[in-house]
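First comes the structure, then the notes that go with it.
The values are calculated or read from the model by the stated rules, or taken from the named source; none is laboratory data. Note that the structure is a prediction, hence the values are computed from the model and not measured. FYI the Cβ positions are ideal-geometry reconstructions off the backbone, even for glycines, and counts take in every protein chain you see.
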Amino acid sequence: MSIRERMSGNEAVAYAIRQINPDVMPAFPITPSTEIPQMVSTYIANGEIDTEFIPVESEHSSMSAAIGAEAAGARSLTATSSAGLALMWEELLLAASNRLPVALALVNRTLSGPININCDHTDGMGARDTGWIQIYAENNQEAYDNFIQAYPIAENENVHLPIMICQDGFITSHAVENIELLEDDKVKAFVGTYQPEEFLLNPGKPIAVGPYAISNYVMEARKNQEIALENAKQVILDVAKRFAQMSGRSYGLFEEYRTEDADYIMLIIGSAAGTAKQAVDELREEGKKVGVLKLRVFRPFPAKEIAEALKNCKAVAIMDRCESYNGNGGPLGSEVTAGLYRNKVLIEAVNYIYGLAGRDFTVEDAKVVFAKLENAITTGTPVEQYQYIGLRK
C-alpha cells in the first residue's frame, strides 16, 4: 500500500536515504543540495537511522571520505551541487576507476561564472566523462524512485560503479509535489544489504585499492571499466523491472511520450520535459504529430536505443541545458547526432541551448521549436543549428 505525501525533491531523496539506511554519509553544504544532508542528519539525531554522518571541510573531502568508507566495505553516499561537484573532480575519477559503488545525490545547478545558484546541467554534464552512471529525474517522484534504484544498479556484480542520481535545482529540489512513497520494509528488501566481495577491512584477505599502475595495465583497467558501464545498461532495465513490480511505476533508459506516430520529436532531459509534454498535448489537439523523448539515463549513453526510437520521425530537436563551449553545440547535441550517424539514421537534427542558469523555458518556447522543425521539413528552409532559446537581444 503506497503512502501518499507532499514533498520537495530534496525531502523525497532524504526520505529514500532514511529508508535505505546507508552506513556512511560524509557531506558539505552547498545550495541547492544542502537540505539533503541536513534532513539526513536530523533522521540520525532522532534515532531513525544509524548512518554515520561525517561533517567535512569541503566537497573534495566528502567524496574522499565516501571513497574511503566504500573501500572499507561500507555502503556510502554524499550529496552536492555545482561547484561542489567540480571540487570533487579528482575524486570522481578515483571512485569510478576503483570500481566503488558510491551513490551521489546531485542537485543540478549552473557553474560559474557569473555566479548563479539556479538550475542548468553544467555540473552533471561536466562530469560526464568521469566514469559514473548518471540518471536524471523529471519530477520529485522520479527523484525518489531513482534513488531507491541506485544501489541495486551500482552494486551489481557486473557493474560495480558509482552512480549519480540527478534532479534539477530549485525546480524539483525545493518545489513541493504530490508523491507516492513506498513502505520502509519494501524498500529495505528491494535494496538489500551491501555484501562486497572485496574490501579493505576483510580480515585475512588483504587488498590494495587505488595502487599505482604501470603502462602495461592501465588500458586494460580502463577497458574493464567501460565494459562495466555498458553492462549497467541492462542492469538498469532489470532493476527498473523489479521496481515496477513493487511500485507499479515503470522506467527505462528514456521515456517516449506520444512518439509512436510523431513526425517531429523533442529530445530533452530533466524537469523541462514536463513543459515539452504540455506543448505536445496542446499541439496534438491542433492535429500536429509531435512527441517528446525524455532521456533518463545519460550514462551509459543509449545511442543505439535513441537512434531506434527516432528513426521514423522526420526531424528531432535536441535540447541542451548546458553549454559545451566547443563551437558546435551542447553535450546532448554532440552525442545524439553521433549516435544517429553511427546507426545510419539520417534525419534532420537541430541542437538548441535553453534554460541556462534558470532561464525560463515555456510551453510557447517549445511550440516555436516544433514549428521550426515542421517549417524546415515542409518548405526546405534551413534551420539554424546551435540556437539559444530565450536569448535577450
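Summary table below
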read-out	value
Sole residue being assigned by TED's automatic domain parsing to the domain that holds TRP132, surrounded by fewer than 23 Cβ atoms within 10 Å (Cβ to Cβ) and at pLDDT 95 or above, chosen from GLU52, GLU70	GLU52
Strands (runs of 3 or more DSSP E) contained in the range 215-299 and holding at least 1 residues small (Gly, Ala, Ser)	290-295
Residue ID - farthest from VAL280 (Cα to Cα), chosen from residues in the range 362-383 that are in contact (Cβ under 8 Å) with a residue 12 or more places away in the chain and in a loop (DSSP other than H, G, I, E, B)	VAL383
Filter result for LEU77 (in the same structural domain as GLU230 (by TED's automatic domain parsing), modelled with pLDDT of 95 or more and under 17 Å from the mean Cα position of the chain (by Cα))	yes
Residue match in the range 136-151 (condition: in contact with a Pro (Cβ under 6 Å, 6 or more places away or on another chain) and within 27 Å of ASN108 (Cα to Cα))	no
Those residues of the range 357-376 which are within 14 Å of ALA315 (Cβ to Cβ) and crowded, with 17+ Cβ neighbours inside 10 Å, in sequence order	VAL369, PHE370, LYS372, LEU373, GLU374, ALA376
For PRO152: the one exception among (1) touching a Ser or Thr at 6+ places or on another chain (Cβ under 9 Å); (2) within 18 Å of ILE236 (Cβ to Cβ)	(1)
Tally of residues being crowded, with 19+ Cβ neighbours inside 10 Å, more than 18 Å from ALA228 (Cα to Cα), touching a Leu at 6+ places or on another chain (Cβ under 8 Å) and aliphatic (A, V, I, L, M) across the range 78-119	5
Complete set of residues in the range 335-356 that are surrounded by fewer than 24 Cβ atoms within 10 Å (Cβ to Cβ) and within 18 Å of the chain's Cα centre (by Cα)	GLU335, LEU356
Subset tally (residues that are within 16 Å of ASN351 (Cα to Cα) and either within 16 Å of the chain's Cα centre (by Cα) or assigned by TED's automatic domain parsing to the domain that holds MET164 (or both)) for the range 267-302	8
Residues that are within 18 Å of LEU295 (Cβ to Cβ) and either acidic (Asp, Glu) or part of a loop (DSSP other than H, G, I, E, B) (or both), drawn from the range 324-361	SER324, GLY329, GLY330, GLU335, ASN343, VAL345, ILE347, TYR354, GLY355, PHE361
First in the range 272-296 and crowded, with 21+ Cβ neighbours inside 10 Å, second anywhere and of a type in the set (Asp, Glu), Cβ under 6 Å, 6 or more apart	ALA273/GLU138; LEU293/GLU256; LYS294/GLU255
Scope the range 205-233; condition of a type in the set (A, V, I, L, M, F, W, C), surrounded by fewer than 16 Cβ atoms within 10 Å (Cβ to Cβ) and touching a residue at least 60 places away in the same chain (Cβ under 8 Å); matching residues	ALA221
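Here is a yes/no grid of residues against (1) buried (at least 24 other Cβ atoms within 10 Å of the Cβ); (2) at pLDDT 95 or above:
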{"residue": "LEU161", "(1), (2)": "yes, yes"}
{"residue": "THR172", "(1), (2)": "yes, yes"}
{"residue": "VAL176", "(1), (2)": "no, yes"}
{"residue": "VAL187", "(1), (2)": "no, yes"}
{"residue": "PRO203", "(1), (2)": "no, no"}
